[in-house]
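Below you'll find the structure, written out as structure tokens, and then a few comments.
Please treat every number below as a calculation from the coordinates, not as lab data. Computed from a predicted structure; not experimentally measured. Neighbour counts run over all protein chains shown; Cβ positions are idealised from the backbone, glycine included.
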Amino acid sequence: MKLKPLDDRVVIKATELEEKNVGGIIIPDTAKEKPQFGEVIAVGNDEDLQENVKVGDKILYAKYGGTEVDIEDEKLMIISRSDILALVK
């Protein structure tokens, strides 16, 4: 199934940045916060949004923004343009 967002929405796959642990302490997954970084999977049909955000871009999004969906056993997020905080280069 393919997901095509409408208007100013973006579909992302949440990812985590590499975490470097200097002290050797291992933090369990249950204690970690929800990731705020993601890779853009699809972009809506808003022209201004399409100029700034492309498929494959890495973004930083609002902590409590978006809606989680499960598509074919893959967890994706649908977020609106206002939830995108920055592009990660």
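Some observations on this one:
- Over segment 38-89, relative contact order from alpha-carbon pairs under 8 Å, at least 6 apart, %: 34
- For ALA42, the residues 5 or more places off, or on other chains, whose built amide H falls under 5 Å of its own are VAL11.
- Sequence ranges 75-81, 4-10, ranked by mean other-Cβ count within 10 angstrom, highest first: 75-81, 4-10
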